[in-house]
1. What about B:K38, is it among the basic types (K, R) and assigned to a loop (DSSP other than H, G, I, E, B)?
2. Return the residues of segment A:266-279 that are modelled with pLDDT of 85 or more and either surrounded by fewer than 20 Cβ atoms within 10 Å (Cβ to Cβ) or under 17 Å from B:A115 (Cα atoms) (or both); say none if nothing qualifies.
3. Which one of A:K242, A:K237 is under 26 Å from A:I128 (Cβ atoms), among the basic types (K, R) and more than 12 Å from chain B (Cβ to nearest Cβ)?
4. So, in segment A:139-161, of the ones that are touching a residue at least 12 places away in the same chain (Cβ under 8 Å) and surrounded by fewer than 20 Cβ atoms within 10 Å (Cβ to Cβ), which residue ends up nearest to A:K227 (Cα to Cα)?
5. Does any residue of segment A:56-69 turn out to be facing another protein chain (nearest Cβ under 8 Å), of a type in the set (F, W, Y) and more than 29 Å from B:L206 (Cα to Cα)?
6. Does segment A:31-51 contain at least one residue that is assigned to a helix (DSSP H, G or I), away from chain B (no Cβ under 12 Å) and without any contact (Cβ under 8 Å) to a residue 12 or more places away in the chain?
7. Filter segment A:162-186 down to the residues that are more than 15 Å from A:C217 (Cβ to Cβ) and surrounded by 14 or more Cβ atoms within 10 Å (Cβ to Cβ) and list them by number.
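The values are calculated or read from the model by the stated rules, or taken from the named source; none is laboratory data. What you see is a predicted model, and the numbers here were worked out from it, not measured in a lab. When we count neighbours, we look across all protein chains shown, and the Cβ atoms used for this are built from the backbone with ideal geometry, even at glycine.
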Amino acid sequence: MNSKKKSQLLQQWVFVGPSALFFLIIVVIPFLLGLYYSFTDWNGVSKHASWVGFRNYLHIFSEDPAFLNAFWFTVKFTVLGVVLTNIIGFVFAYLLTRPIYSRNALRTIFFMPHVIGGLLLGFIWQFIFVKGFSSMGSALNWSFFNLPWLGTEGTAFWAIVIVFVWQNAGYLMVIYISSLNNVPKSLIEAAQMDGASRGQVLRKITIPMVMPAVTVCLFLAISWSFKLFDLNLSLTKGGPFKSTESVALNIYNEAFNISRFGMGSAKAIVFFIIVAIISFIQVRATKSKEVEV
Amino acid sequence: METSHRSRGKWMLAEIFMILVALLFLVPFYFLLVNSVKSFADILTDSAGFPTTFVWDNYVQAWKLTEFPQVFWNSLLVAIVSNVLIALISSMAAYRMVRHNTMFNSILFSAFVAAMIIPFQSIMIPLVKVVSTIGIMDTRIGLILCYLGFGAPLSVFLFHGFVKSVPKEIEEAGRVDGSSAYGIFFRIVLPLMQPIVVTVIILNALWIWNDYLMPSLILQSPDLRTIPIATYAFFGQFKKQWDLALPALVLGITPIVIFFLLMQKYIIEGISQGSVKG
């Protein structure tokens, strides 16, 4: 009996131990430490960090226009990014599950940008916006291409949106395709027998049936766009004049450029709380719209 | 008959439309590739046209200046070791948690699920401190350890969902043969988990290969640099020297694009699997 207990304990350690230990060291401890630092004025180097209570948090919301700007930028970007990637991803998926001969090649092309990381994509698109667009502008004489894409606040915002959609619509397309393929053919045939038009089938059957995929895709798109960092860093670096600085980039600069680790930690905690609230609301809201077969 | 003709004609239009959109999607790659073999002057005067003379020397320079073989090896080593270890420890943990749903294990599992929403930026500041306290700053081991800890929650979650669908009766055969718990896991359960293992490995591979922030915080030595940090450093140094930057970018994306084209069946299946289950 005793040896059996011992071997159970050993198995628990062997199977669960490594994951639990690394998770503790890399996620749990830093998270708790960050919570503590957020109430201090630690600068990242000195041995001493004095307790400042809620001063960092008050500062963020009352005296830090850059953070509020970054927050506002991130919210606007998230709304547009989520809506556009999902609509385009769904339309691609819908059309590419119809009788289209080149659909396999098309799926590959639309998905490909996603496998390249945001950092390299940002640099590639920097060239497109700076050199490529201007040469197309002079060739075609379209004012759209002659805009100073990365040079003004409004256009730089759209530049990031364009690259984000180009990068991620194909990924959501893949998820929507697998969900569309799971809609039972018999259900659609039955509706068509009853005289439903293609639009009615789409609205009354297909869309309700793919709601679980919508949950997943909204969740992914919100999480990618709200945590925007790599693409932001390499495409605009937050510029011009910090107008396109995301919250993640703002936190990074606060800590690693101006060495205010305490303040940076407070921002990181605020960021976490917002992400947690959004995820919670979003999963709740979409789950209630799902249907079961 | 007539309706089927008409509907085929209609999908023909959709097909043409989608092909045009796909060409639009490929435009950035066109710009990248044609300009990577032009001289600096040609890039400035005509970036849209096809190259008149091919300057392959751009690639030779970029290959040398980025120390591409070294950088590629660094990325590959970190990605492979992290991936194998994450898949191994997460599948083992998930299996144990499903089969022995003790109080401790169910609390731990809830912690993993909750941690999935923690953005990396929320823990990165103290993480640097923790890693340097342990004394593994600026080492590959340190970076791999970070991937194990930060990657475990999602991977455990995905494995957990899958193990629940593996009937316990299958393990009985192994128990009758007198196999140990370890033998049952490695010889019976793990092979059954193959579809989800593929999913987990693909999701983690894309993440780790392309990740910039984690290695930029952990690694400092130039000879440990992975592709994203080497590219970032290169861009800082040769800003606006497009005849060097563009071939360096092409080199940087080539391995992952080849990997994708070779493995796309598994990648696309893996992603559909992972998301529907998740």
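1. Values: among the basic types (K, R): yes; assigned to a loop (DSSP other than H, G, I, E, B): yes.
Criteria met by B:K38.
2. Quick first cut of segment A:266-279, residues modelled with pLDDT of 85 or more only: A:266-278.
Selection gives A:A268, A:I269, A:V270, A:F271, A:F272, A:I273, A:I274, A:V275, A:A276, A:I277, A:I278.
3. Values: A:K237 fails: more than 12 Å from chain B (Cβ to nearest Cβ).
So the residue among A:K242, A:K237 that is under 26 Å from A:I128 (Cβ atoms), among the basic types (K, R) and more than 12 Å from chain B (Cβ to nearest Cβ) is A:K242.
4. Of all residues in segment A:139-161, those touching a residue at least 12 places away in the same chain (Cβ under 8 Å) come to A:145-147, A:149-153, A:156-157, A:159-161.
Narrowing the set further to residues that are surrounded by fewer than 20 Cβ atoms within 10 Å (Cβ to Cβ) leaves A:145-147, A:151-153, A:157, A:161.
Numbers: A:F145: 29, A:N146: 30, A:L147: 28, A:G151: 23, A:T152: 23, A:E153: 20, A:F157: 16, A:V161: 14 Å.
Looking at the filtered set, the residue picked out is A:V161.
5. So in segment A:56-69, the residues facing another protein chain (nearest Cβ under 8 Å) come out as none.
No, because not a single residue in segment A:56-69 is facing another protein chain (nearest Cβ under 8 Å), of a type in the set (F, W, Y) and more than 29 Å from B:L206 (Cα to Cα).
6. Here is the first cut: in segment A:31-51, the ones assigned to a helix (DSSP H, G or I) are A:31-37.
Checking the rest, the ones that are also away from chain B (no Cβ under 12 Å) come to none.
No, segment A:31-51 contains no residue that is assigned to a helix (DSSP H, G or I), away from chain B (no Cβ under 12 Å) and without any contact (Cβ under 8 Å) to a residue 12 or more places away in the chain.
7. Of everything in segment A:162-186, those that are more than 15 Å from A:C217 (Cβ to Cβ) and surrounded by 14 or more Cβ atoms within 10 Å (Cβ to Cβ) turn out to be A:I162, A:V163, A:W166, A:V183.
One line per residue, one yes/no per condition, for (1) under 18 Å from A:G170 (Cβ atoms); (2) modelled with pLDDT of 95 or more; (3) in a helix (DSSP H, G or I):
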residue	(1), (2), (3)
B:P215	no, yes, yes
B:T231	no, no, yes
B:F260	yes, no, yes
B:I267	yes, no, yes
B:G270	yes, no, yes
